[in-house]
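The values are calculated or read from the model by the stated rules, or taken from the named source; none is laboratory data. Given the structure is predicted, the values throughout are model-derived calculations rather than measurements. Ideal geometry is used to build each Cβ from the backbone, glycine not excepted, and the neighbour counts take in all protein chains shown.
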Amino acid sequence: MSEQSTTDSIVSFVLENKLKTILYTWAAGITGSLAYEWSRPIPGSLKIIHSRVYAQAITLAALGSVAAVEMYQATHHPDKVKKVDKHGY
């Protein structure tokens, strides 16, 4: 048996758990940005709004990263790409 490298294990986890990866990234983004915003001397409503916007940007970056991982997998390891149905699921 061959051991997977760290990159290969991350790629396989992301490809098997795309939505979970994005959800966890959003949750970490909203938590981290709320923690950061709460340390600033601005009104509470602005803290929540800023945190939501930051988390949105982080989530968009996660979506782009998942797409990049899929493209990496398709170009570098085409034999490992799973066949999907006509809807792409």
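Key figures for this structure:
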{"read-out": "Residue in region 46-53 that is in contact with a Lys or Arg (Cβ under 8 Å, 6 or more places away or on another chain), farther than 27 Å from ASP8 by Cα, at pLDDT 90 or above and not polar (S, T, N, Q) present", "value": "yes"}
{"read-out": "Scan of region 1-35 for residues that are touching a Ser or Thr at 6+ places or on another chain (Cβ under 8 Å) and either surrounded by 16 or more Cβ atoms within 10 Å (Cβ to Cβ) or not in a loop (DSSP other than H, G, I, E, B) (or both), ordered by number", "value": "PHE13, VAL14, ILE22, THR25, TRP26, GLY29, ILE30, SER33, LEU34"}
